[in-house]
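Remarks on the structure that follows.
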Amino acid sequence: MSERSLKDYYRVLGVEKDAAILEIKAAFRRLAKENHPDHHPGDKKAEARFKEVSEAYGVIGDAAAKEDYDRIRFGGHGTFGPKEKPVNPEIYVSQILEKLYEAGHGDIQGYLLNNIAKLREEIEVVRRLTKEKIGYDAFKPQIVMDHAPEAFSGWIDEEMEVRRSKIIHVALFNLLKQGAADPKREQDVDRLKRRLENTWEEGQKAGYRDALELFYQRNK
């Protein structure tokens with residue numbers, strides 16, 4: 001199997017593939033600190049690097065996910081896929097996408113409902129944007145969801161990013177085992193991963209919308 005079919009997370013963190021979990025964690029902490037957006041405001045390269053190392057740690061920093069990653073990246077494709085009567089992989093994909101949407105939704109809605117001050121702050125930002133766009137105060141779901149990614153960039157922290165990465169990669173590895181994509185084909189793996197990421201992000205935006213709608217009141 002080609003080692004290019006999945007991103008080399010060991011190289012991302014600058015460790016060997018036989019590195020211990022503690023060594024991987026130390027490398028992640030160092031790189032996350034060096035590239036944290038708080039230390040590089042407005043620096044898109046640092047932000048992208050921070051997300052990359054968080055993604056890598058979300059996979060190889062967890063013993064079970066690391067084992068799956070190593071088996072798919074360095075093992076043989078023949079060990080994966082259904083062994084009995086074949087099942088359409090899209091059935092599994094649809095089930096996983098539904099769960100990811102719900103998880104992304106809960107991730108953001110839960111965060112905001114546990115941070116009411118931040119929630120009210122976001123409501124005022126959205127209120128201002130809505131007035132600028134349509135001239136009056138109203139809750140417009142599409143305006144809220146369009147603003148959501150910009151809002152996330154300011155307060156999705158290291159812990160949330162690592163959790164997102166871990167959940168998405170567990171889903172990806174499970175789908176590869178079910179034959180949803182050929183691990184030997186990098187383009188197919190990347191396409192499947194993007195579907196998972198996009199679904200998570202749509203769930204997050206919906207969670208943002210629903211949390212704000214619960215507390216939104218028009219100013220008279």
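None of the figures in this text is laboratory data; all of them are computed from the coordinates on show. Note that the structure is predicted; figures quoted are calculated from it, not measured. Heads up, the Cβs are rebuilt from the backbone with ideal geometry, glycines too, and the neighbour counts pull from every protein chain shown.
Observations on the model:
- Dipole-positive endmost among HIS147, ALA211, THR130 within the chain (Cβ charges, Cα centre): THR130
- Directionally averaged projected area (the chain, Cα convex hull): 14.0 nm².
- Placing +1 on the Cβ of every Lys and Arg and -1 on the Cβ of every Asp and Glu, with nothing else charged, gives the chain a dipole about its Cα centre of roughly 260 debye.
- Long pairs among LYS51/LYS193; LYS66/LYS205; LYS66/LYS193; LYS166/LYS193, criterion Cα-Cα beyond 19 Å: LYS66/LYS205
- Relative contact order, percent, the range 1-75 [alpha-carbon distance under 8 Å, six or more residues apart]: 40
- Axis angle, to the nearest 10 degrees, between helix 89-113 and the longest C-alpha principal axis of the chain: 40 degrees.
- Folded to 0 to 90 degrees: helix 141-155 orientation relative to the chain principal axis, Cα: 70
- Over the chain: helical MRE at 222 nm, DSSP H runs n ≥ 4 each giving -39500 (n - 2.57), nearest 500: -24000 deg cm²/dmol
- Neighbour-count order for ILE24, ILE60, fewest beta carbons within 10 angstrom listed first: ILE24, ILE60
- Ranking of GLU55, GLU16 by count of other Cβ atoms within 10 Å, fewest first: GLU16, GLU55
- Degrees separating the helix 63-74 axis from the principal Cα axis of the chain, which is the longest one: 60
- Taking SER165, SER94 and counting other C-beta atoms within 10 Å, the order from fewest to most: SER94, SER165
- Principal axis dimensions, the range 91-150 - Cα atoms, whole angstrom, descending: 45, 25, 17
- For the chain, the relative contact order works out to 31 percent when only alpha carbon pairs closer than 8 Å and six or more residues apart are counted.
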